[in-house]
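This report concerns only the one structure given below.
The values are calculated or read from the model by the stated rules, or taken from the named source; none is laboratory data. On a predicted model such as this, the values are computed, not experimentally measured, just so you know. Don't worry about glycine lacking a Cβ; one is built from the backbone with ideal geometry, like all the others, and counts go over all protein chains shown. What goes into the accessible areas is simple: the full protein's heavy atoms, side chains included, and nothing from ligands, DNA or RNA. Shrake-Rupley method; radii C 1.70, N 1.55, O 1.52, S 1.80 Å.
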Amino acid sequence: MHDYQAPPGLLTDRVILVTGSGDGIGRAAAKALAAHGATVVLAGRTLSKLEKVYDEIEANGDPQPALV
C-alpha cells in the first residue's frame, strides 16, 4: 500500500466551504484543508465552536478562514 502525503500548498488559492466545522469530522476537515493552503469557510450552528476553530487555524499560520 502507498503512503500518500499531500504536498504543502496543494490547495492554495482554493476556497472550500466546510459545514459542521465546529466539531467532529467537519472540524478536522477544516483544519486539514487549511493546513494544505485552502481558505476555508466555516459553517455551523454554534458560533463559539466556530470561533475556536477559526482561532486554531490562524494560530497555525494557515490562510485566514471566514465564518458563516
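Quick look at the numbers
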{"read-out": "Charge-dipole axis of the chain as Lys and Arg at +1 and Asp and Glu at -1 on Cβ define it, positive-most pick from Leu10, Ala43, Ala28", "value": "Ala43"}
{"read-out": "Longest DSSP-loop-exposure-free segment, trypsin sites (Lys or Arg not before Pro), the chain, at most 15 other Cβ within 10 Å", "value": "15-44"}
{"read-out": "Accessible carbon and sulfur surface of the chain relative to its total accessible area, %, 1.4 Å", "value": "56"}
{"read-out": "Thr39 - accessible surface, heavy atoms, 1.4 Å probe, Å² rounded to 10", "value": "50"}
{"read-out": "Local net charge near Val40, Cβ-Cβ under 15 Å (Lys/Arg +1, Asp/Glu -1)", "value": "-2"}
{"read-out": "Of (1) 83; (2) 115; (3) 74, the label for volume of the Cα convex hull per residue in Å³ derived from the coordinates", "value": "(1)"}
{"read-out": "For Gly24, net neighbour charge (Lys/Arg +1, Asp/Glu -1) across residues whose Cβ lies under 14 Å away", "value": "+4"}
{"read-out": "Accessible area (Å², per residue) of the chain, counting only protein heavy atoms and a probe of 1.4 Å", "value": "68"}
{"read-out": "Angle between the chain longest axis and helix 24-35 axis [Cα atoms, degrees, rounded to 10]", "value": "60"}
{"read-out": "Label-point separation in nm, Thr12 to Lys52, each point 7 Å along Cα→Cβ", "value": "3.2"}
{"read-out": "Total charge dipole magnitude, the chain, about the Cα centre, Cβ charges on Lys, Arg, Asp, Glu only, Debye to nearest 20", "value": "220"}
{"read-out": "Accessible surface, 1.4 Å probe, highest first, among residues His36, His2", "value": "His2, His36"}
